[in-house]
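Engineer: First the structure, which I've put down as structure tokens, then a few questions once you've had a look.
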Amino acid sequence: MKKIMLIVLSLALTIPALAQYGSRRYPTSSGYGTSYSQHHYSDIYYGLRLGAAFSTVNSDDKRLDGGSVRTGLRVGGVVGFQLGYRSPMYFETGLMYVEKGGEGKYENAKFTYGLDYLEVPLVLKYWYDVDRSFSIQPFLGGYLAVGVAGKIKDFGHRQAYSSFDDEGFQRFDGGIKVGCGVQFDLIYAELGYDFGLANISHDYFDTSHTGSFFVTIGVNF
């Protein structure tokens, strides 16, 4: 948690400096009846993201049913592509490092585990301009992820082992991503939820699914 707070504080100090470069202003065109803000005159944007994920794992296996929330880090970059000339629709993808997981009790002993992923978001974003500097950006799509690290800590037996070995979870995950972002000039913030659809359990008779509420801030260029 201290690591997350230090990174968020660093970004909070950096964003105002980046914003001093100003947003990309473009003249409106008199050839169209509808006037869009500066964002819709660029067919591509790049973004940096930093935030927190509040995750759980629901599993039929009581040893792995981490229904209590685990807080982790979200950090990475995105790129958005406009789907048509002067269109308010964008396709956004990128690469994120996301710390998910859960915690719970098994046989009256506490256990925790981390599931750290490299994640590729694949979402459609609608860009609604309130004015030339402020926009609201709801999004819907999915994500694909592969596990790269994580430990299961069994406090009852005082043991720790990899979250992705044969006693834990499969590395691949994927699901639905939904949420909404807002942008003021370069500064961007969003809230969303990841619904894990992939069964990350190794056992054919059990199912395990991730779920994660996330909050991020960042900048778009």
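Engineer: Report whether or not Tyr161 is part of a loop (DSSP other than H, G, I, E, B) and surrounded by fewer than 21 Cβ atoms within 10 Å (Cβ to Cβ).
Structural biologist: No.
Engineer: If I go through the stretch 144-155 residue by residue, how many of them are open to solvent by 50 Å² or more (accessible area, probe 1.4 Å) and farther than 27 Å from Thr93 by Cα?
Structural biologist: Residues that pass the stated criteria total 3.
Engineer: Moving to a separate point now. Would you confirm, using the coordinates I've provided, whether Tyr97 is outside any loop (DSSP other than H, G, I, E, B) and open to solvent by 20 Å² or more (accessible area, probe 1.4 Å)?
Structural biologist: yes
Engineer: Sticking with this structure for a sec: Restricting to the stretch 122-139, and then to whatever is part of a strand (DSSP E or B) and open to solvent by less than 10 Å² (accessible area, probe 1.4 Å), can you tell me which residue is nearest to Ile152 (Cα to Cα)?
Structural biologist: Filtering first and then ranking leaves Val123.
Engineer: Still on this structure, I have one more. Please determine, by comparing only the residues of the stretch 173-206 that are small (Gly, Ala, Ser) and buried (at least 18 other Cβ atoms within 10 Å of the Cβ), which one is modelled with the lowest pLDDT.
Structural biologist: It comes out as Ser201.
Engineer: Something else about it: Here are some residues: Gly80, Gly47, Gly67, Gly72. Which one is closer than 19 Å to Asp154 by Cβ and either open to solvent by less than 20 Å² (accessible area, probe 1.4 Å) or touching a strand residue (DSSP E or B) at 6+ places or on another chain (Cβ under 9 Å) (or both)?
Structural biologist: Step by step, each of Gly80, Gly47, Gly67, Gly72 is checked, and only Gly67 is closer than 19 Å to Asp154 by Cβ and either open to solvent by less than 20 Å² (accessible area, probe 1.4 Å) or touching a strand residue (DSSP E or B) at 6+ places or on another chain (Cβ under 9 Å) (or both).
Engineer: Could you grab me the full set of residues in the stretch 173-213 that are under 16 Å from the mean Cα position of the chain (by Cα) and over 21 Å from Tyr128 (Cβ atoms)?
Structural biologist: Of everything in the stretch 173-213, those that are under 16 Å from the mean Cα position of the chain (by Cα) and over 21 Å from Tyr128 (Cβ atoms) turn out to be Asp173, Gly174, Gly175, Ile176, Asp194, Phe195, Gly196, Leu197, Thr210, Gly211, Ser212, Phe213.
The values are calculated or read from the model by the stated rules, or taken from the named source; none is laboratory data. This structure is a prediction, so every number in the text was calculated from the model and none was measured. Note that we place each Cβ from the backbone using ideal geometry, even for glycine, and neighbour counts take in every protein chain shown. For the accessible areas, the whole protein counts, side chains as well, though only heavy atoms, and no ligand, DNA or RNA atoms are used. Shrake-Rupley method; radii C 1.70, N 1.55, O 1.52, S 1.80 Å.
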